[in-house]
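The values are calculated or read from the model by the stated rules, or taken from the named source; none is laboratory data. As the structure is a computational prediction, the values presented were derived from the model and not from experiment. Quick reminder, even Gly has a Cβ in these numbers, built from the backbone with ideal geometry, and neighbours come from all protein chains shown. Remember, those area values only see protein heavy atoms, side chains included, never the ligands or the DNA or RNA. Shrake-Rupley method; radii C 1.70, N 1.55, O 1.52, S 1.80 Å.
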Amino acid sequence: MYLNCHSYYSLRYGTLSPEELVAGASRLGIEALALTDINNSTGMVDFVAGCMLQGIKPIGGTEFRNESHRLLYIVLAINNRGFLEINDFLTWHNLNKAPLPPCPPVFTNALTIYPFSNKLPRKLKENEFVGIHPHEIRKLVSSPLQHLQEKLLALYPVTFAGESDFVLHQYLRAIDKNTLLTKLSVNDLALPDEKFLSNDLFRIAYDEYPEILEIPGGLLISAICRSISTQ
């Protein structure tokens, strides 16, 4: 269920090595894990190697943010071809110094997840989903999206192992913004609770809308893992 994890390859943002991220997941018996570093996939080789050692299914992806560091979307590869699609998309924009579009192209072998807080496309395509954080559950109750359960996914980011990591994260964000710690806004930072939860606590986090943990996320993870295992 963890589809949005950051390592320290999310420069001036993440605090964990890929190996530390995998070890944390292994301790909780997590069977599949996605690494979605911000605007890069540099840590994927170490991440996959660590997952293989721990018996975890690795899922490759990228979290795309614009020049203002606003989260646009997360893209997850279904297979190796999908990972190539993601990197080709990112490389083209880097080489051409072109801003990332508010909506990515339709990937043939990858899935796009939009954060619930963003302005969403009028109609979601087959490979497009909406990620819901636990603090957004109550907003979902009054949203038209509540009737599109097949398009909803639990999106709980992982960036830290503990409280000291969040302090480091604050320093990294201040360096990135070239500002004082006291000048950082809430929008500049990850949420302090972006760390792995036990299975029970994860379910409690979505207790007000348990349906979101049943069909959508489970089928998505299963589909991705089946595709990866056949590569």
Could you tell me the center-to-center distance, by alpha carbons, between segment 123-155 and segment 34-97 in angstrom? 22
Counting every Cα pair in segment 1-84, what percent are over 22 Å apart? 19
Short version: what are the Cα gyration tensor semi-axes of segment 45-164, square root of 5 times each eigenvalue, largest first, in whole Å? 24, 20, 16
Just to be sure I understand the model, the point goes 7 Å from the Cα along the line to the Cβ. What's the resulting Y171 to N40 distance in nm? 1.9
Total charge dipole magnitude, segment 35-110, about the Cα centre, Cβ charges on Lys, Arg, Asp, Glu only, Debye to nearest 20: 100
Apply the Karplus parameterisation 6.51 cos²θ - 1.76 cosθ + 1.60, with θ equal to phi minus 60°, to every residue of segment 201-212 and state each ³J(HN,Hα) to the nearest whole Hz, in sequence, with x for glycine and proline. 5, 4, 5, 4, 4, 10, 4, 6, 8, x, 4, 5
For R138, R65, what's the largest-to-smallest order of accessible area, 1.4 Å probe? R138, R65
For segment 61-76, just list the computed ³J(HN,Hα) in residue order, Karplus coefficients 6.51, -1.76 and 1.60, θ = phi - 60°, integers in Hz, with x standing in for Gly and Pro. x, 8, 9, 9, 10, 7, 5, 8, 6, 7, 5, 9, 5, 10, 10, 10
Dipole of the chain, Cα-centred, from +1 at each Lys and Arg C-beta and -1 at each Asp and Glu C-beta, to the nearest 20 debye? 640
Rounded to whole Å and sorted largest first, list the principal axis extents of the Cα atoms in the chain. 44, 41, 39
For the chain, what is the accessible area per residue in Å² when the probe is 1.4 Å? 52
Ignoring any ligand, DNA or RNA, what whole percent of the accessible area of the chain comes from carbon and sulfur when the probe is 1.4 angstrom? 55
Return the long-range amide H neighbours of R65 (sequence gap of 5 or more, or a different chain), with a cut-off of under 5 Å between placed amide H atoms. N39, L72
Between N80 and L95, 0.36 nm times their residue separation minus their Cα-Cα distance comes to what? 3.2 nm
19 Å cut-off, amide nitrogen to a point 7 angstrom out along L145 Cα→Cβ, residues in segment 43-82: 62-66, 70-76
How many nm separate the modelled label positions at R138 and L28, each set 7 Å beyond the Cα in the direction of the Cβ? 2.4
For K123, the lysines lying under 21 Å Cα to Cα, once residues fewer than eight places off in the same chain are dropped, come out as K139, K151
Mean Kyte-Doolittle of at least 0.0 plus a Cα span of 20 Å or more along the axis: flag which DSSP H helices in the chain meet both, please. 215-229
Across the chain, where is the longest run that never hits GluC sites (Glu not before Pro) in a DSSP loop with at most 15 other C-beta atoms within 10 Å? 127-207
